[in-house]
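No value in this document is a laboratory result; all are computed from the given coordinates. Not measured: the values here are computed from a predicted model. Every residue, glycine as well, gets a Cβ built from its backbone with ideal geometry; the counts of neighbours run over all protein chains shown.
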Amino acid sequence: MFSLGLASGTDLLPSHSLFRNFQYSDADERNYVRQVFKFAQNKAARIHVLKDDDAPCGFVALSIDTFNNVPSINIAYLFTSAQYRKRTYTELGEPPKRISEYLIGRALLMAVDISKKVPLRYVALQLAADRHEALYRQYGFERAAGTNWMSLVLPSV
């Protein structure tokens, strides 16, 4: 059974089982996740972890920053543990979704909810690779010309 929760405190330490139980494709990916966890330890981001029967599958790290000089929610990092990549799960929605699709959808729902309380204009992210652009376009993100940034305008309240 899948559940989404907020990682905090000792969950964010590299010695904690959360960090150690993810499977990484290489050392660079492991190091980047370590950096994102440190970012969250310093309260600069919040990490929402998806678990399947208590085994971590992936996470989305969200922060509030600026995009186009206005307050925005930034998707600082989206990660799926290697053993869960490219697989769909009926438990995550209809049609069946990949972990990354589910986490993007949840991030957007959280952004809309936060924007009702705090004046935010965009959800923004920096593409890790051009091949990810099509995934984000499905959710309405548009790429800023000449950059690797994508954004989605949040609905007005």
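Fully extending the segment from Ala145 to Leu4 would add 47.4 nm, taking 0.36 nm per residue of separation and subtracting the current Cα-Cα distance. Around the amide H of Ile64, modelled in the peptide plane, lie the amide H atoms of Asn74, all under 5 Å away and 5 or more residues distant in sequence or on another chain. Overall, the anisotropy analysis places the stretch 74-157 in the oblate class: the square-rooted eigenvalues a ≥ b ≥ c of its C-alpha gyration tensor yield a/c not less than 1.5, with a/b not exceeding b/c.
Taking only the C-alpha atoms of the chain, the Rg (one decimal) and the largest Cα-Cα distance, Dmax (whole number), read 15.2, 43 Å. Report, in degrees rounded to the nearest 10, the 0 to 90 angle that the Cα long axis of helix 99-115 makes with the longest principal axis of the chain. So the helix axis and the longest Cα principal axis differ by about 50 degrees. Averaging Cα coordinates gives a centre for the stretch 40-86 and one for the stretch 99-143; these two points are 11 Å apart.
Please give the length that would be gained between Lys116 and Arg131 if that part of the chain were fully extended, namely 0.36 nm times their separation in residues minus their C-alpha to C-alpha distance (nm, one decimal). Intermediate results must be reported in sequence, preceding the final value.
Numbers: separation 15, 0.36 × 15 = 5.40 nm, distance 3.21 nm.
Going from the current span to full extension adds 2.2 nm.
Distances between placed amide hydrogens fall under 5 Å for Leu154 paired with Tyr122, Val123, all partners being 5 or more residues away or on another chain.
If a/c stays under 1.5 just call it rounded; otherwise compare a/b with b/c (prolate if a/b is bigger, oblate if not). Do that for the stretch 114-157, with a ≥ b ≥ c from the square roots of the Cα gyration tensor eigenvalues. Don't jump to the answer; show the numbers that get you there.
Values: a/c = 2.69, a/b = 2.20, b/c = 1.23.
Since a/c reaches 1.5 and a/b is larger than b/c, the shape of the stretch 114-157 is classed as prolate.
Per-residue ellipticity at 222 nm, computed for the chain from helices alone with -39500 (n - 2.57) per DSSP H run of at least four residues, works out to -8000 deg cm²/dmol.
Roughly what % antiparallel, to the nearest 5, for the DSSP beta bridges in the chain? The partial results should precede the final answer.
Working: 31 of 35 bridges.
Among the beta bridges of the chain, antiparallel pairing accounts for roughly 90 percent.
Assuming R0 = 22 Å, can you tell me the calculated FRET efficiency for the pair Asn21 and Leu109, based on Cβ-Cβ distance, to the nearest 0.05? Plugging the Cβ-Cβ distance into 1/(1 + (r/R0)^6) gives 0.30. The distance between label points at Arg30 and Val70 comes to 4.3 nm (points 7 Å beyond Cα on the Cα→Cβ vector). Taking the longest Cα principal axis of the chain as reference, the axis of helix 27-41 is set at about 70 degrees. Taken one residue at a time, the phi angles of the stretch 47-60 give Karplus couplings (6.51, -1.76, 1.60, θ = phi - 60°) of 10, 9, 9, 9, 10, 10, 6, 6, 9, x, 9, x, 7, 10 Hz. Gly and Pro are set to x.
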